[in-house]
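Heads up: the structure comes next, in structure tokens.
Bear in mind these aren't lab numbers, they're just calculated from the coordinates by the rules spelled out. Small disclaimer: the values here were computed from a predicted structure and weren't measured. No Cβ is skipped: glycine too gets one built from the backbone with ideal geometry, and neighbour counts run over all protein chains shown.
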Amino acid sequence: MPDFTGVLTDERLREREFGILDRLTRLGIEQRHPDLAASRSLVGKFYFRPPSGESWCDVILRLRSVVDTISLHYSGQRVLIVAHQVVVLCLRYLIEKMDEKTVLGIDAEGDVANCSVTEYAFNSQSAGGCLSLLKYNFVAPLERDGAAVTFDPDSNVAAR
């Protein structure tokens, strides 16, 4: 049996809260909540906060404290974070110091695959040292072992 000593659960790493739009595709939102669909179009995906939900900016705010906690308590150690789509992308936004357009462009290119790996390594060659992206959306170990990479056809139109 694996040793899970040191495994922590952190509520700040939960997926984005979609509020009343949870489980609705873009079409479902347009049909059930046309006013919210119009508001999202006006404000933009990055800043739109559905009722009882979160914007990408809200997720980024809570992830900033996660990154600070990791830096403070786990500096120099390997850290594994298990998360979903928006959290993965928002962590990339923070770690790679992206702007809104860049991270939304990555999101538009395709979904974060189930069980995919995003990997960073510490780069001591950069000024002050930083994390450098090694892999993103990496699924080769799954494919090598014969596991199907699943795809939800509605996921590209979901209200993320």
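Annotations
- Between 0 and 90°, nearest 10: helix 85-95 axis offset from the chain longest Cα axis: 50 degrees
- Exposure rule at most 14 other beta-carbon atoms within 10 Å, DSSP loop chymotrypsin sites (Phe, Trp or Tyr not before Pro): the chain longest free segment: 75-150
- Extending 7 Å from Cα along the Cβ direction at Cys130 and again at Ser41 yields two label points whose distance is 3.7 nm.
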